[in-house]
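See below for the structure under consideration.
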Amino acid sequence: MLDRPNTQLDILLKETPLLNFRAPAIRKLVDQRKWKDLPLFDRAGAVYDFVRNEILFGYNKTDNIPASQVLADGIGQCNTKGTLLMALMRAVGIPCRLHGFTIHKELQRGVVPGLVYKIAPDNILHSWVEIYLEDRWINLEGFILDDVFLSALQQKFLPSRQSLCGYGVGTDCLSAPQVNWVRCAGTNR
């Protein structure tokens, strides 16, 4: 937990119907991985890496499912993997919040069936997570792409192109997108 009791950040540690971190499967995962025993930065990194690589990129039945269902599904995209990431961060005492905006559906070309893509609205919701760590907000977005999926995209498109908008990815540096959890000045990536 935070070193400062009763701060304005307390609300960002609460359980919600979607961030159901007291669900048995989530509690069991946190206990088995011993994440709470790690220093805060390493704890956040372990949770980030779990969601990034052990929950594969994919589309759940719907976006408004609880974190425990995302965990059970073993797949997710920005919105659902974000729900699980937030639940796990809160479970280990790291405040977090969600941000969202709309993006053009072009980002989903190649990962949703053609007919679904055609009838989808031009703008779709994209979300990312911020965590409060080391007295600052850290933007997390790279957790969406697992290594296996990213590697497949790199094999398909490199070396002929560096930028990609499609297949659930938007990057100007496909060969080395900032997705790994590392300590850098002012950021986690």
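The values are calculated or read from the model by the stated rules, or taken from the named source; none is laboratory data. Just so you know, these numbers come straight off a predicted model, no measurement behind them. As a convention, Cβ positions derive from the backbone with ideal geometry for all residues, glycine included, and neighbour counts pool all protein chains shown. To get the accessible areas, we keep the full protein, side chains included, count just its heavy atoms, and leave off ligands, DNA and RNA. Shrake-Rupley method; radii C 1.70, N 1.55, O 1.52, S 1.80 Å.
Details
- Looking only at the range 123-162, residues that are in contact with a Pro (Cβ under 8 Å, 6 or more places away or on another chain) and assigned to a strand (DSSP E or B) come to 2 in all.
For every residue, the table says whether it meets (1) of a type in the set (D, E, K, R); (2) at pLDDT below 90; (3) part of a strand (DSSP E or B).
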position	(1), (2), (3)
81	yes, no, no
84	no, no, no
87	no, no, no
117	no, yes, no
121	no, yes, no
182	no, yes, no
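- Number of positions in the range 72-87 that are in contact with a Leu (Cβ under 8 Å, 6 or more places away or on another chain) and surrounded by fewer than 24 Cβ atoms within 10 Å (Cβ to Cβ): 3
- Subset of the range 142-168 [in contact with a Phe, Trp or Tyr (Cβ under 9 Å, 6 or more places away or on another chain) and either of a type in the set (Ser, Thr, Tyr) or touching a residue at least 40 places away in the same chain (Cβ under 8 Å) (or both)]: 142, 143, 144, 145, 146, 148, 149, 167, 168
- Failed item, numbered, when residue 9 is tested on (1) at pLDDT 95 or above; (2) surrounded by 14 or more Cβ atoms within 10 Å (Cβ to Cβ); (3) part of a helix (DSSP H, G or I); (4) of a type in the set (A, V, I, L, M, F, W, C): (1)
- If the condition is being open to solvent by 60 Å² or more (accessible area, probe 1.4 Å) and not polar (S, T, N, Q), then the range 24-37 contributes 24, 27, 28, 31, 33, 34, 36, 37.
- Looking only at the range 89-115, and only at residues there that are at pLDDT 95 or above and part of a helix (DSSP H, G or I), the one that is farthest from residue 17 (Cα to Cα): 89
- Of the residues examined, residue 91 is not one that is touching a residue at least 40 places away in the same chain (Cβ under 8 Å), of a type in the set (Gly, Ala, Ser), in contact with a Ser or Thr (Cβ under 6 Å, 6 or more places away or on another chain) and surrounded by 23 or more Cβ atoms within 10 Å (Cβ to Cβ).
- Exactly one residue out of 143, 149, 101 is aromatic (Phe, Trp, Tyr), open to solvent by 50 Å² or more (accessible area, probe 1.4 Å) and closer than 23 Å to residue 63 by Cβ, and it is 101.
- If you go through the range 44-65 and keep only what is open to solvent by 40 Å² or more (accessible area, probe 1.4 Å) and within 14 Å of residue 18 (Cα to Cα), you end up with 62, 63, 64.
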